[in-house]
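**Student:** Below is one structure. I have some questions about it.
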Amino acid sequence: MIKNIVLDMGNVCCRWDVNYIASCLSTDQEEKQWLIQHVFQSQQWQELDQGLISIEEAQQQLSHSYPQFHYLIERALCHWFDYFDQFDEMEECIIELKNKGYHIYLLSNCSLQFYQYYQKKSIFHHFDGYYISAKYQLLKPSKDIYLHFLDHFHLNGEECLFVDDMKINVEGAKRVGMSGIVYDGKIDELKDKIKKLSQ
């Protein structure tokens with residue numbers, strides 16, 4: 001029986017759209033494409049998510065490689081989450097699930113910057129626990145991150161449903177005994193699937 005709903009963050013709880021975020025950070029088309037390729041898709045970004053480097057180190061490394069974009073790198077790294085908009089319909093869904101007795105957890109590949117912005121987004125006020133990849137230096141879809149998540153919160157995998165927008169991450173959760181749903185933004189379909197899995 002499903003007792004715990006475990007949610008990814010990007011494109012499940014909040015809109016992770018690098019084109020949109022880049023367009024908010026710069027109106028210049030060349031700069032926007034540069035940000036997408038050299039910041040949001042960079043090795044440093046992945047290392048931030050894995051907790052291997054700090055924001056200061058990422059900024060220093062990128063600025064050293066691209067000194068002409070120093071100002072843009074700093075703005076992007078320090079303000080990208082200002083445009084990481086939450087999905088209000090998902091917050092409403094979470095509230096409904098909480099009222100039905102489910103526990104709600106976050107399991108996300110993201111940097112420690114999470115702790116700078118999560119309290120400013122009302123959607124995160126309803127969670128029972130947060131598991132941030134950078135804090136434990138693990139990344140989805142590694143089997144270890146799901147096992148450590150379950151152990152950390154003392155959860156039984158068979159009682160957990162994991163919701164992620166990426167199939168590979170859902171498959172990783174299934175390998176440790178969790179149920180899983182690939183979320184495509186259709187909130188009513190998600191509710192129906194949760195209802196069926198909980199019967």
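**Student:** Quick test of your reading of the structure: Trp34 fulfils all but one of (1) farther than 30 Å from Cys160 by Cβ; (2) touching a residue at least 40 places away in the same chain (Cβ under 8 Å). Name the failing condition by number.
**Tutor:** Result: Trp34 fails condition (2) only.
Each row is one residue, and each column tells you yes or no for (1) over 20 Å from His125 (Cβ atoms); (2) polar (S, T, N, Q).
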position	(1), (2)
Ile5	no, no
Asp17	yes, no
Tyr20	yes, no
Gln33	yes, yes
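**Student:** Go over the candidates Lys186, Lys120 one by one and state the one that is modelled with pLDDT of 95 or more and over 16 Å from the mean Cα position of the chain (by Cα).
**Tutor:** Lys186
**Student:** Now for a different question. Does the stretch 23-43 hold any residues that are under 14 Å from Leu72 (Cβ atoms) and within 18 Å of the chain's Cα centre (by Cα), and which are they?
**Tutor:** Ile36, Val39, Phe40, Ser42
**Student:** Going through the stretch 134-146 one residue at a time, which ones are under 16 Å from Ile168 (Cα atoms) and either in contact (Cβ under 8 Å) with a residue 40 or more places away in the chain or not hydroxyl-bearing (Ser, Thr, Tyr) (or both)? I'd like the intermediate steps shown before the answer.
**Tutor:** The first filter runs over the stretch 134-146 and keeps only residues under 16 Å from Ile168 (Cα atoms), leaving 138-146.
Within the stretch 134-146, Leu138, Leu139, Lys140, Pro141, Lys143, Asp144, Ile145 meet the criteria.
**Student:** Of the conditions (1) under 19 Å from Val18 (Cα atoms); (2) assigned by TED's automatic domain parsing to the domain that holds Ala173, His79 fails just one. Which one is it?
**Tutor:** Going through (1) under 19 Å from Val18 (Cα atoms); (2) assigned by TED's automatic domain parsing to the domain that holds Ala173 one by one, His79 breaks only (2).
**Student:** Something else now. Output yes when any residue across the stretch 177-185 is touching a Lys or Arg at 6+ places or on another chain (Cβ under 9 Å) and hydroxyl-bearing (Ser, Thr, Tyr), and no when none is.
**Tutor:** Among the residues of the stretch 177-185, not one is touching a Lys or Arg at 6+ places or on another chain (Cβ under 9 Å) and hydroxyl-bearing (Ser, Thr, Tyr), which makes the answer no.
**Student:** How about the stretch 3-22: which of its residues are in a loop (DSSP other than H, G, I, E, B) and either among the basic types (Lys, Arg) or farther than 22 Å from Lys191 by Cβ (or both)?
**Tutor:** Within the stretch 3-22, Lys3, Arg15, Asp17 qualify.
**Student:** When only residues in the stretch 166-175 that are in contact with a strand residue (DSSP E or B) (Cβ under 7 Å, 6 or more places away or on another chain) and closer than 11 Å to Asp8 by Cβ count, which is surrounded by the fewest Cβ atoms within 10 Å (Cβ to Cβ)?
**Tutor:** Per the stated criteria, the residue is Val170.
**Student:** Within the stretch 176-190, take every residue that is in contact (Cβ under 8 Å) with a residue 40 or more places away in the chain and not in a helix (DSSP H, G or I) and give me the one that is surrounded by the most Cβ atoms within 10 Å (Cβ to Cβ).
**Tutor:** Taking the stretch 176-190 and keeping what is in contact (Cβ under 8 Å) with a residue 40 or more places away in the chain, we get 178-179, 183, 185, 187, 190.
Filter again for not in a helix (DSSP H, G or I), leaving 178-179, 183, 185.
Working: Met178: 24, Ser179: 21, Tyr183: 21, Gly185: 13.
Top of the filtered list is Met178.
The values are calculated or read from the model by the stated rules, or taken from the named source; none is laboratory data. No experiment lies behind these values; they were computed from the predicted model shown. When we count neighbours, we look across all protein chains shown, and the Cβ atoms used for this are built from the backbone with ideal geometry, even at glycine.
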